[in-house]
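The values are calculated or read from the model by the stated rules, or taken from the named source; none is laboratory data. Just so we're clear, the structure is a prediction, and the values are computed from it rather than from any experiment. Here Cβ is always computed from backbone atoms with ideal geometry, including for glycine, and neighbour counts include all displayed protein chains.
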Amino acid sequence: MSETGLKELTMQIGLLLFPNLTQLDLTGPFEVFARTPGATVHLLWKTLEPVRDDRGLHLLPSKTLAEAPQLDVICVPGGPGQIDLMLDDEVLEFLRRQADGARWITSVCTGALVLGAAGLLKGYKATTHWASHDQLAMFGAYPVQARYVIDRNRVTGGGVTAGIDFALALVAEMLGEDVAKAIQLSIEYDPAPPFNAGSPAGAGAAVLDRMRGVMAPMLEKRLAASKVAAERL
């Protein structure tokens, strides 16, 4: 037990930090994991140079892929840069190698498609961002419409903000609900959005059509990459 009275478990947690990711896919879970008793959290990429997210924020990796220890938890965020990762043999091999020894193989948003491209979701229930949900089946996963999905040692979160929910649920699995609840309170995670537009069902047809139009070019690229990645399995 720690000085706070919370059960501790020494663990190594690694989040993939790659160019053109959606930073909240990473920083939401990072905020939770960094507050987890006994956890050491790594931001991992090929080099230690600053990484630019899809909106212009620069983040620093803490270790290279080659320097990463064997991880207890490996987490892949999503974002437009995920498209390239599905065909990146160095990243896919890193994930496969880490998955052999990891206790939990996880993702947020379209990071699930990278796990799929690595062959790590075949036969597992999973979720991802609503706009790419239909691509999960291409990798042998069973798509589930949910904020997060836990299937054995695979844990997948929905789009972007769902990463906080995913991380709290994973902490509860690893250390118990009391630890997860304490972290939730510490970050005052008590969402009360001003609009019920966070899902296709709540947003309404007009907003949904508008967003599909904005996202169409990127979604076409993602689908094409998913098809190639699925054929390589």
**OP:** Taking Arg152 as meeting all but one of (1) in contact with a helix residue (DSSP H, G or I) (Cβ under 7 Å, 6 or more places away or on another chain); (2) surrounded by fewer than 17 Cβ atoms within 10 Å (Cβ to Cβ), write down the number of the exception.
**Re:** (1)
Original post:
So Arg147 fits all but one of (1) closer than 25 Å to Met215 by Cβ; (2) in contact (Cβ under 8 Å) with a residue 60 or more places away in the chain; what number is the exception?
Top reply: (2)
Original post:
On the given criteria, is Asp25 in contact with a Cys (Cβ under 7 Å, 6 or more places away or on another chain), modelled with pLDDT of 95 or more and not in a loop (DSSP other than H, G, I, E, B)?
Top reply: yes
**OP:** Spot the failing condition for Ser199; the list is (1) over 22 Å from Thr27 (Cβ atoms); (2) loosely packed, with under 15 Cβ neighbours inside 10 Å, and only one is missed.
**Re:** (1)
**OP:** Hey, can you tell me all the residues within segment 96-119 that are more than 21 Å from Ala224 (Cβ to Cβ), buried (at least 19 other Cβ atoms within 10 Å of the Cβ) and touching a helix residue (DSSP H, G or I) at 6+ places or on another chain (Cβ under 9 Å)?
**Re:** Trp104, Ile105, Thr106, Val108
Subject >> Where a residue in segment 43-58 is farther than 24 Å from Pro69 by Cα and its partner, wherever it lies, is among the hydroxyl-bearing types (Ser, Thr, Tyr) and assigned to a loop (DSSP other than H, G, I, E, B), with Cβ under 9 Å and at least six apart >> reply: Asp53/Thr22; Asp54/Thr22; Arg55/Thr22
Original post:
If you go through segment 28-64 one residue at a time, how many are small (Gly, Ala, Ser), farther than 17 Å from Gly79 by Cα and in a loop (DSSP other than H, G, I, E, B)?
Top reply: 3
Original post:
Going through segment 179-220 one residue at a time, which ones are part of a loop (DSSP other than H, G, I, E, B), within 22 Å of the chain's Cα centre (by Cα) and under 26 Å from Asp134 (Cα atoms)?
Top reply: Ala197, Gly198, Ser199
**OP:** Show the residue pairs that are 6+ apart or on different chains and have beta-carbon atoms under 7 Å apart, the first residue being within segment 201-227 and over 17 Å from Leu113 (Cα atoms), the second being surrounded by fewer than 12 Cβ atoms within 10 Å (Cβ to Cβ).
**Re:** Gly202/Asn196
Original post:
In segment 60-95, which residues are polar (S, T, N, Q) and under 26 Å from Glu231 (Cα atoms)?
Top reply: Gln82
**OP:** Collect the residues in segment 1-20 that are under 30 Å from Asp88 (Cα atoms), in a loop (DSSP other than H, G, I, E, B) and either in contact with a Lys or Arg (Cβ under 9 Å, 6 or more places away or on another chain) or at pLDDT below 95 (or both), keeping them in residue-number order.
**Re:** Phe18, Pro19, Asn20
Original post:
Looking only at segment 62-90, which residues are more than 26 Å from Ala216 (Cα to Cα), among the aliphatic types (A, V, I, L, M) and surrounded by 15 or more Cβ atoms within 10 Å (Cβ to Cβ)?
Top reply: Leu65, Ala68, Leu71, Val73, Ile74
